[in-house]
Amino acid sequence: MILQTCRRHPSAGRFMATCSGCAHDLYDTEQRNRAEAAHRARLRTVLGLRHLPTPRPELGETDARRCVWDIRELDALYARLGGTVTTRQVERDYGGGTFSTTEVTLAVPTPDGGTVEVFTDWEPAAEADTLDLPVIRALHPVPVTVEPTVQDVAREDRGYWNDRYDD
Ligand SMILES: [Zn+2]
């Protein structure tokens with residue numbers, strides 16, 4: 001009888017066939033895979049997709065959280081599914097730098113007691129015609145911090161210089 005040891009789990013001691021540490025890892029991996037598969041199934045159902053693309057972590061996606069194109073697409077999902085709408089300020093990577101934007105998230109409860117999230121970036125200043133969308137009106141209170149647009153900034157700059165020249 002030859003006893004073995006596991007290089008990955010030296011503390012598991014000597015064993016005949018199966019390292020208890022490896023068995024534990026395998027169990028954890030299977031549980032994780034099962035949970036991820038359940039999340040993906042919920043998302044497929046909620047989004048009405050038969051096939052779900054692989055999540056893009058660089059966009060903040062996970063198996064339970066997906067990005068949609070824009071606030072109108074999110075609004076269409078809200079009209080169909082309901083759910084809870086929240087918002088937060090986020091920093092996005094862009095062209096080697098970052099910019100600050102508003103992320104709107106729709107959390108949708110699923111029949112099996114889970115929750116999936118669908119989110120998109122929203123620029124209230126550039127998309128003023130979207131302020132009346134039900135998904136935006138569902139935000140309480142509406143945390144709209146309308147940043148000055150490029151034109152507004154240019155106008156202020158001109159005003160500043162005009163004032164100077166008027167002196
Ligand atoms: Zn092991």
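The values are calculated or read from the model by the stated rules, or taken from the named source; none is laboratory data. Just so it is clear, the structure is predicted and the values come from calculations on it, not from any experiment. Here the Cβ is made from the backbone with ideal geometry for all residues, glycine too, and neighbour counts use every protein chain on show.
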**Prompt:** In the stretch 5-19, what residues are near the ligand (Cβ under 8 Å from one of its atoms) and surrounded by 13 or more Cβ atoms within 10 Å (Cβ to Cβ)?
**Reply:** Cys6, His9, Ala12, Cys19
**Request:** Taking Arg34 as the residue in question, decide whether it is of a type in the set (Lys, Arg) and not in a loop (DSSP other than H, G, I, E, B).
**Result:** yes
**Request:** Identify all residues within the stretch 79-137 that are surrounded by fewer than 16 Cβ atoms within 10 Å (Cβ to Cβ), at pLDDT 90 or above and among the small types (Gly, Ala, Ser); write none if there are none.
**Result:** Ala79, Gly82, Ala107
